[in-house]
Every structure is written in structure tokens, then in C-alpha cells.
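Engineer: One structure is given below, represented as C-alpha cells, and several questions about it will come after.
The values are calculated or read from the model by the stated rules, or taken from the named source; none is laboratory data. Given the structure is predicted, the values throughout are model-derived calculations rather than measurements. Just the protein is used for accessible areas: all its heavy atoms, side chains included, with ligands, DNA and RNA removed. Shrake-Rupley method; radii C 1.70, N 1.55, O 1.52, S 1.80 Å.
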Amino acid sequence: MNSRRKLFHMINKFSYFGLRAGSSGLTAIELMITLAVFAIMASLAAPPMQNLITNYRERTAINQLTGYVRLARSEAITRSAYVSLCGSSDGKSCDGDLKEGWLVFQDANGDGLYQNASDTLIRSGSLGMGERYFTDANGAATASPLIYSRDGSRRGGEIQWLFCFSADAKHQRQLSVNAAGYLKVEKVAVLGCN
């Protein structure tokens, strides 16, 4: 019984960290060592974390745009009418600038240009985050509109759009829609975006 009492007294006398039970806080040296270890760990984790954030933004933006492309196709089939997706920097007219935003609308005459009087706006959207670069397959900064026919096929044949999310990117996302209206997204290597 006496040895048990001594053991209990020893446990109460010293804490887990080697400090006396009655003392509180850390010494300056212990605090400096802890902060140094934390700083080293943070500096090692920062570059991979930045890549993770960039990849997440890329995937989110492309998924958002592909959702609108799929919406345009399904609305064309559902409404049995031409439905277009065009680039729009102001959210009110088609100017081919997909990096700023886009419009999805029922296109009365199938020309790919949004006219308030005859066309019905279905939805508008934008990426709204960070630096991004856009080109079509020919390297032009503006894109021709994506027009779906009543049967869901792409009017005007195949189209390709390329997206980069930084000037020094090593990869870009290529969004392709074939003549049948089917969508494909892939990652392609590049030397840089402009």
C-alpha cells in the first residue's frame, strides 16, 4: 500500500511534460523551439498546398463551364429549339469572352447572338475567381458561340476551347464538343499561357 501511495505522489508531482505540477507555462527556449519546428513544417507544406489550391480552382471552373454546356444541350433537346452558349463579359450580350462569363439562351434564329427581343435567357454564369486565360483551338482570345440544334447536335461541327489558370501554367484544360454534341474535357501540356 505504501508503494502505491509513493507512485501516486510521484505522478502528481510531475506532469506529462516534465514540469512540476504547481508550475504553469512554457520557458522561452521551449516556445522558440516549438515555433521554429512549426515554421519549418509550414514552409515545407506551402508549395504543395499552393498547387492543390490551383488544381482545385481549375477543376471547379471547368466543371462549372461543362455544367453549362450540358445544360445548353439538354435544354435544346427538351425545348426542341436552338439553344446557344456564348461568351459574355458583361452578362448581357455575346462578345465571345468566355474568361469573364457566358450566357445560355434559347436562340430563336440559331445565329448564336443574344437578342433581348427574340431570345430567351436560360442562365448566365462566370468563373469569378483568379487569373485565367482562354483561347479557342486557333489561339484566338474570343470564342465563337456553341449552338445546339433541336436534336442536341452541335451546329457547325466540332469546337475546342482551351483554358489556363496562370501565365506560367504547365497544363491547360481543353474542352471539346464534337458534331454530335458530346463533350470531352482533357488536360493537355503547354509551355505557358498568354
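Engineer: Based on the alpha carbon coordinates of the stretch 45-157, what radius of gyration and maximum Cα-Cα distance (Dmax) apply, in Å?
Structural biologist: My reading of the Cα-based Rg and Dmax gives 15.3, 54 Å.
Engineer: Below 13 Å, Cα to Cα, which aspartates and glutamates can K184 reach? Residues fewer than 8 away in the same chain don't count.
Structural biologist: Here the aspartates and glutamates satisfying the reach criterion relative to K184 are E158.
Engineer: Report, please, the projected area of the stretch 24-111 averaged over directions, based on the convex hull of its C-alpha atoms, in nm².
Structural biologist: Result: 10.5 nm².
Engineer: Right, here's the next one. Within the accessible area of the stretch 61-180, what % is carbon and sulfur when the probe is 1.4 Å and the other protein chains stay in place?
Structural biologist: Ligands and nucleic acids excluded, carbon and sulfur give 44 percent.
Engineer: Which aspartates and glutamates, if any, have their Cα less than 17 Å from the Cα of K92, not counting same-chain residues under 8 positions apart?
Structural biologist: Candidates past the 8-residue exclusion: E100, D107, D111, D119.
Engineer: What's the extension gain from I77 to A39 if we count 0.36 nm per residue and subtract their Cα-Cα distance?
Structural biologist: 8.0 nm is the gain from fully extending I77 to A39.
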